[in-house]
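These notes are about the structure you will find just below.
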Amino acid sequence: ILFGVLWWTDTEKAADTPDIAYDVPRTKLHSPSIVTDKGKVIPLSGQSQNLSASATNQSARSRLLRALGLTEDEVSTEKCSLAVPPGKSYDIVLADGTRVWLYADSKLTYPLSFKGKERAVYLQGQAEFEVTHDAAHPFVIITDKLDARVLGTELNVSCYPDEPPHVALLHGVVVVSGRKGDREVKLRPGQGATLRETGGFDVADEDMDTYEYWKNGYLYFDGQPLGTIARSLERWYRVSFIFDDPAIAQKRLRFFCMRSDNLGRALELLNHYCTFEAVHRADGVHIK
């Protein structure tokens, strides 16, 4: 069953050009919104929403249920989606106290009340999770290509359609498995696992500062290909990046800027490298 809004991309690339163009996913939503499985859309204000049963007083809970068009009897079976459009971010506290930071152009589908042996959510895009410990009820993050099963930990899960699925563990323990029978891998803090197209995982030590910086309001990359950086900038600034020379996309950079900075400032920082030029034109940002 699909919940919430549909996401789509619009690809326009001439067959006779060597340019690399990363297309910006588009959404009908202009602000972070909760979408019920009945199709009701509730735009959210601010930067966060607390749905934890232990933290939500009765009046706040009643207001939330009225906004969602639900009764108390429906809470145990209802699932909702938090949809975050490009250029936005949002964090949410779920019913068990787990906190989730959702990246731009991402969607999290979750139950209003966790029941059964597992606490399962479904992710499209990228999010960071601080999972409330509950040994009897593992927390499972389900994506199209891999699952991450945790008891209590902090991890980052990325599953954008144009990038290899990836899990990075900041604290605790997580077991990652592919949806096509790939061998499970158990990560230790400071490790990341990337699912290969051919199956199986590449596991390596990572700099976890990237994820901490993001939570603190930065776009941060250390030793990443410019093509990877461009895709993140596209999701944040809602503009296409076009590489006139595909080789430039492989350059590895250390780059960061505040998410509150405008596109002009981000391009100014990119151009400080002086080994390429980023120019904003009508059809997007050209890098040459």
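Of the trypsin sites (Lys or Arg not before Pro) in the range 130-234, which ones lie in a loop per DSSP and count no more than 13 other C-beta atoms within 10 Å?
Working: sites: K145, R149, R179, K180, R183, K186, R196, K215, R231; in loops: K145, R179, K180, R183, R196.
Taking the range 130-234 and a limit of 13 other Cβ atoms within 10 Å, the loop trypsin sites (Lys or Arg not before Pro) found are R179, K180, R183, R196.
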> From the backbone phi of the range 126-140, what are the Karplus-calculated ³J(HN,Hα) couplings (6.51 cos²θ - 1.76 cosθ + 1.60, θ = phi - 60°) in whole Hz, Gly and Pro given as x?
Replying inline: 9, 7, 10, 10, 10, 8, 5, 5, 7, 4, 7, 9, x, 9, 10
>> Under the rule of at least 5 residues apart or a separate chain, name every residue whose amide H is placed under 5 Å from the amide H of T153.
In response: V131
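Distance check, please: which entries in K79/K145; K79/K215; K88/K145; K215/K251; K88/K117 exceed 30 angstrom between their Cα atoms?
K88/K117
Give me the tail of P(r) for the range 233-288 as a percent: Cα-Cα pairs with distance above 13 Å. Kindly include the intermediate steps, with their values, before the conclusion.
Numbers: 913 of 1540 pairs.
So the pairs more than 13 Å apart make up 59 percent of the total in the range 233-288.
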>> Let me cross-check H171: its accessible surface, 1.4 Å probe, with only protein heavy atoms counted, in Å² to the nearest 10?
In response: 100
> How much FRET efficiency would the formula 1/(1 + (r/R0)^6) give for T275 and D162, where r is the Cβ-Cβ distance and R0 is 30 Å, rounded to 0.05?
Replying inline: 0.75
>> Largest first, please: the extent of the C-alpha atoms of the range 85-157 along each principal axis, to the nearest Å.
In response: 37, 25, 20
> In a Debye calculation with equal point scatterers on the alpha-carbon sites of the range 130-254 and no solvent, what is log10 I(q)/I(0) at q = 0.11, 0.21, 0.22 Å⁻¹?
Replying inline: -0.42, -1.30, -1.36
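Could you pull out the GluC sites (Glu not before Pro) across the range 189-288 that fall in loop regions by DSSP (anything but H, G, I, E, B) with no more than 10 other Cβ atoms inside 10 Å?
On the way: sites: E197, E206, E212, E234, E268, E277; in loops: E197, E206, E277.
Listed in order of number, the matching sites are E197.
The values are calculated or read from the model by the stated rules, or taken from the named source; none is laboratory data. The structure presented is a predicted model; accordingly, all values stated were derived computationally and were not measured. Every residue, glycine as well, gets a Cβ built from its backbone with ideal geometry; the counts of neighbours run over all protein chains shown. Calculation scope for accessible area: heavy atoms of the full protein, side chains included, ligands and nucleic acids excluded. Shrake-Rupley method; radii C 1.70, N 1.55, O 1.52, S 1.80 Å.
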